[in-house]
1. Arranged by the count of other C-beta atoms within 10 angstrom, fewest first, what order do B:Lys459, B:Lys389 take?
2. Kindly point out which whole DSSP H helices in chain B project their C-alpha atoms 27 angstrom or further along the helix axis while averaging a Kyte-Doolittle hydropathy of 0.5 or above.
3. Starting from the Cα gyration tensor of segment B:326-384, multiply each eigenvalue by 5, take the square root, and state the resulting semi-axes largest first in whole Å.
4. State log₁₀ I(q)/I(0) for chain B at q = 0.05, 0.12 Å⁻¹ as given by the Debye formula over alpha-carbon point scatterers of equal weight, solvent excluded.
5. Provide, for q = 0.05, 0.09 Å⁻¹, the log10 of I(q)/I(0) from a solvent-free Debye sum over equal Cα point scatterers in the protein assembly as shown.
6. Excluding A:Ala244 itself, what net charge comes from residues whose Cβ is under 14 Å from its Cβ, given Lys and Arg +1 and Asp and Glu -1?
7. Normalised by the residues of segment A:87-218, what does the relative contact order come to in percent, with Cα pairs under 8 Å and at least six apart?
8. What are the DSSP H helices in chain A that stretch 30 Å or more along their long axis, judged by alpha-carbon atoms, and whose average Kyte-Doolittle hydropathy comes to at least 0.0?
Amino acid sequence: MGDILSVFDMLSWFPENISTFGQELDNLFAIIYYISVAIFFLTFGLMGWFLVKYRFKPERRGYNYHGNNIVEVTWTILPTILFAGIGVYSDGIWEMTKYSKRVPKPDVEILVLGKTFGWVFLYPGADGKFGRNAFNDRTARALMNPSNPFGKDPEDPAASDDFMTENQFRVPVNANVVMRGSSQDVLHSFFLPHMRVKQDVVPGTWMNIWYNAFKTGTYELACAELCGGGHYSMRAEYQVLSKADYDKWLDGKVAEQAAAAAPVAEAPASDTTAAAATH
Amino acid sequence: MSTTTIAEHAHVDHHAHDDHAHHHQPWYRQYLFSTDHKVIAKQFLLSSLIFLFVGGAFALFIRWQLAYPGKPVPVIGALMPDTWVDAPGSGIITPEFYAQLLTMHGTVMIFFVIIPFAVGMFGNFCIPLMIGTDDMALPRLNMWSFWLIPPAGLIMMSAFWVDGGYAAAGWTSYPPLSASIGNPVMKLNGQTLWLISLFLVGFSSIMGAVNYVTTVLNKRAKGMKLFDMPLTVWGLFITAIIITLGTPVLAAALSMLFMDNFLHTNFFLPDHLITSQKYFGGGQPVLWQHLFWFYSHPAVYIMILPLMGIVSDVMATFSRKPIYGYKAMVFAIAGIAFLGFVVWGHHMFQSGMNPLLGTTFMLSTIVIAVPSSIKVFNWLGTLWRGNIKFSSAMLNALAFVSMFIIGGLSGVFMASAPVDIYIHDTYFIVAHIHYVLFGGSLFGIFSGIYYWFPKMFGKMLSETWGRRHFFWTFLFFNLTFFPMHVLGVGGHMRRIYDPNVYDFLKGMGGLNEFITIAAIGLGFSQLILVANIIWSIKNGRKASRNPWRANTLEWAAPAHPGHGNFDRDITVYRGPYEFGVEGRDTDYWPQWEPGKSITVNHQTVVVADDVDDTKVFGAH
C-alpha cells in the first residue's frame with residue numbers, strides 16, 4: 001500500500017543527487033511539479049464541479065452564451081506570464097549547465113567514446129595533457145580503429161602516456177570534471193542519473209559534458225539512446241574518489257601504461273596498417 | 001415538433017428509394033474502389049482498427065518483457081517464430097526482437113492508426129457532410145489516398161520475411177543506427193522497407209490533405225462562411241495545411257535515408273566510423289533529426305488538432321451549449337499549428353545541437369502552452385451552465401480534455417530544457433506521449449466514433465457497452481500510463497530490454513509488473529469496442545436523422561446517406577453552435593433551418609425576418 005501511495009509522491013523517486021548543479025535541476029522540476037499539481041486541481045476541480053452541477057435535467061436548458069473577450073484575454077495573458085516565467089527561469093539553468101562558454105575550467109579532462117555496446121575513456125596520463133588524437137586534431141580520425149578508438153597518434157610523445165579505461169572511469173570529488181564525448185559508430189547517450197547529466201554523443205562531433213560531484217561512491221553510467229539490440233547492456237560504473245584516492249589510482253594507471261608501452265614497439269605499425277585497411 | 005418528425009420519416013423513405021438508384025455500379029466500385037468519401041472513411045476505420053490491434057499486440061510483448069525479463073511469453077510464447085526468441089520454442093524475446101517491437105509499435109500506432117483515424121477517417125467522413133456538399137473536390141485522388149495504406153502496411157509487415165526482421169531503430173529511426181551500416185548495397189532490409197512504407201503513407205497523407213483544403217475552400221454549402229464551419233472542420237482544415245507543408249520534408253528525409261541505406265550515400269554518416277562498413281564520410285547524423293522532427297513535431301499536432309475539433313463539437317452538443325469562445329478556439333488551433341513548425345528542436349535538447357538553440361526552442365515550445373490552455377479553459381467554459389448528458393461520445397470527449405490537461409502539464413516539464421536533461425529518453429517521455437496520443441487522440445477518436453456511428457452506419461451503437469468500454473479503457477489507461485511518470489523520475493530509460501541490469505532501477509520491478517497487468521487489461525478492453533461495432537451494425541437500433549439533436553449539417557442528411565449525401569438543398573443560416581436560444585421551442589437550432597437571429601451581449605436572440613440588425617441596440 002505504501003508503494004502504491006508513493007506513486008503520488010513523485011519527487012521521492014529521484015535517485016540521490018551527487019552533483020553541484022543537480023539540486024538546481026531537481027528544484028526546477030519540483031517547481032514545475034507543484035505548479036502542475038495546482039493547475040491539475042484547479043482544472044479538474046472546475047470540471048468536476050460543472051459536471052455535477054450542470055448534469056442533465058429535463059426542465060433546464062443550456063445557457064446560450066458565446067464567450068467573452070475580456071475573459072479570453074485574461075486567460076491568454078495569465079498563462080503567458082506564468083509560462084514565460086518558467087521559460088526565463090529555466091534558461092538561466094540551461095545556460096549554466098550546457099552553454100559551451102559556461103563550461104568551467106577543467107580540473108580533470110577525460111575523453112569518452114560510446115561504442116556498441118560499451119564505453120571507453122581516455123585520460124591524459126602523467127603529463128596531464130592529451131597528445132594528438134581524434135579530439136584535438138580532426139585529421140587524426142584516420143587513425144581510429146578498434147584497438148585505438150580515440151585515434152591516438154603513436155608518433156606524438158605527449159600521447160604515449162594517455163591511457164584508456166573500458167566500461168569504468170574514476171573522477172575526483174569536488175573537482176570540475178570536463179568530458180568530451182563522441183561515438184565511434186552510432187548515436188549513444190551519456191547518462192549519469194545521479195549526476196543529472198545527459199548528453200547524446202554523436203560520431204564525428206565532440207560534445208562538452210561537465211559536472212562537479214560532491215559525494216564519493218560508486219555509481220552507474222547508462223546509455224539513454226537506442227543503439228541496437230545490446231542497448232540495455234551498455235552499462236558502466238564510475239567511482240567518485242577523494243583527491244588522495246584518485247591520485248593514487250592515477251599513479252597506478254600511469255605506471256601500468258608506461259610498463260605496457262615499453263615492450264610493444266610494434267604497436268604503432270600495426271595501428272597504421274589497420275587504419276589503412278579501414279580506409 | 002411533430003411536423004419535423006413526419007418530415008424526417010418522409011426523407012428516410014425517400015432515401016431508401018435513393019439507395020437503389022445507385023445499384024448500377026459494380027460491387028468493387030461500391031465497396032472496394034469507391035470514390036464515395038463515406039465508404040473511404042469506413043475503409044480507413046477498418047484498416048486503422050486492424051492496425052490498432054497489431055500495434056497493441058506489439059506493445060503487450062514489450063510490456064511483458066519489461067515486467068518479466070527473461071521469462072517466456074505466456075500462451076503464445078511457444079508458437080513464436082525462431083527469429084523472435086532466444087532458442088526455438090523457448091518463448092523468451094531476444095533483445096534484437098525487442099528493438100523491432102518498440103520500433104513497430106511506435107510506427108504502426110502513429111502512421112497506421114492515429115493519423116489514418118484522425119485525418120483519414122474523420123477527414124473523409126466529416127468534411128463533405130459538415131460543409132454540406134456531396135463529396136470531396138477530388139474524389140479519385142481521395143480513393144488513392146486510402147489505397148496507398150494497405151500496400152504501405154503490407155510492405156512494413158513484410159519485413160518479417162527479410163534477414164534481420166523488422167526495422168529496429170525506433171520509430172524515430174535515428175541514423176547511423178538506421179543507416180544499416182554493413183548492409184550490402186541494393187539489398188532490402190527491414191529499415192529500407194520501413195522507409196518505402198512511410199514514403200507511401202506520406203503520399204497518402206498529402207493526397208488526402210490537398211483534397212481537404214480544396215474541398216473546404218471551394219465546396220462549402222450556400223451561405224456558409226469560414227467562420228460558420230464547425231470546429232471539427234477547422235481542425236481538419238488546419239491539419240491538412242500542416243500536412244501539405246510538413247510531409248514533403250519528411251519525404252525528402254526518408255529519400256535521403258533510403259539512399260544512405262540502399263545506395264550507400266553519406267547524407268547522415270560521418271567519416272571514419274569504426275564499423276565493418278567502408279563507404280562512410282562527410283555526413284551529419286543530427287541533420288536527420290532536424291529533418292525528421294521538422295515533420296514529426298507538426299505531426300503531433302496532425303494527430304491532435306482534428307480531435308480537438310471533434311471533441312469541441314461533441315461537448316457543445318452534449319452540453320447543449322454554444323462553444324465558449326468559438327473564434328478563440330479557431331485562433332488557438334491556428335496558433336498551435338503555426339507554433340508547431342518552430343518547436344521541433346525541443347526533441348533535440350540533448351542531441352548535441354548548439355545549446356544556444358536549446359534556449360530558442362525552449363522559449364518557443366513553452367509558448368505552445370498558451371493556446372493549449374486557451375483551449376482547455378474554453379472547454380471548461382463550454383461545460384459551464386450547460387445541461388450535460390453523459391453519452392459514450394461525451395464521456396470520451398471529457399476523457400480527452402482531462403487527459404490532455406495531464407499530458408499538457410507533463411509537457412511543460414520537458415519543454416523546460418534543463419529539466420529535460422534528466423527526463424529525456426526516460427519513461428517520463430513515454431508517459432507524456434501516451435497521455436497525449438492515447439489519452440488525447442485515441443479518446444478523441446473513440447468519441448468521434450460514438451458520435452458519428454449513427455450517420456456512418458445508420459444504426460445506433462449500444463450505449464451500455466459504449467459506457468463499459470469507456471469505463472474500462474479510462475481506468476486501465478490511467479493505471480498503465482500514470483505510473484510511467486514515476487518510472488521516468490526514477491531515471492528508467494525508455495527502449496531498454498532489461499531494466500534489472502542497472503542497480504538504480506532495481507526498486508522498480510513491482511511498478512513495471514503493475515503497469516504490465518494494467519496494459520493487458522487495457523488491450524483487452526478494446527475488444528468491447530470491436531464487439532459493439534460489429535453487433536450494432538447487425539442488430540443496432542435504427543438511427544434517426546438527427547439522433548443527438550445537433551446543429552451541424554451532417555445531421556441534415558438522411559440517417560444513412562447514400563452516394564451524394566443530401567436529399568435536399570442546403571443553405572446555411574447561422575453558426576454551428578446555437579443551443580438554448582431564447583424564444584425557440586427546441587433547445588437547438590440547426591444551421592440549415594431558416595430564421596433570423598442577432599447577437600446581443602454574447603447571446604443569440606431570435607428576431608423576425610424583417611428586422612434590420614442595425615436598429616437593435618447592442619447588436620453586432
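Any read-out appearing in this document is the output of simple, stated calculations on the displayed coordinates, not a laboratory observation. Note that this is a predicted model, so its numbers are computed, not measured. Positions of Cβ are backbone-derived with ideal geometry, glycine not excepted, and every protein chain shown enters the neighbour counts.
1. Details: B:Lys459 20, B:Lys389 14.
By the 10 Å Cβ count, ascending, the order reads B:Lys389, B:Lys459.
2. Working: long enough: B:2-21 (29 Å, -1.01); B:37-67 (44 Å, 1.29); B:190-218 (42 Å, 1.23); B:231-262 (44 Å, 1.71); B:285-319 (50 Å, 1.06); B:355-383 (43 Å, 1.27); B:392-415 (33 Å, 1.79); B:463-489 (39 Å, 0.47); B:509-539 (45 Å, 1.15).
Span-like helices, by this rule, are B:37-67, B:190-218, B:231-262, B:285-319, B:355-383, B:392-415, B:509-539.
3. Details: eigenvalues 170, 21, 10 Å².
Largest first, segment B:326-384 gives 29, 10, 7 Å.
4. Reported log10 I(q)/I(0), two decimals: -0.23, -1.27.
5. One equal scatterer on each Cα of the protein assembly as shown leads to -0.31, -0.93.
6. Numbers: positive: A:Arg170, A:Lys243, A:Lys248; negative: A:Asp245, A:Asp247, A:Asp251.
Result for the local shell: 0.
7. On the way: 255 pairs, mean separation 35.3, N = 132.
Normalised by residue count, the contact order of segment A:87-218 is 27 percent.
8. Details: long enough: A:22-53 (46 Å, 1.27); A:69-98 (42 Å, 0.73).
Membrane-span-like by this criterion, though nothing is claimed about a membrane: A:22-53, A:69-98.
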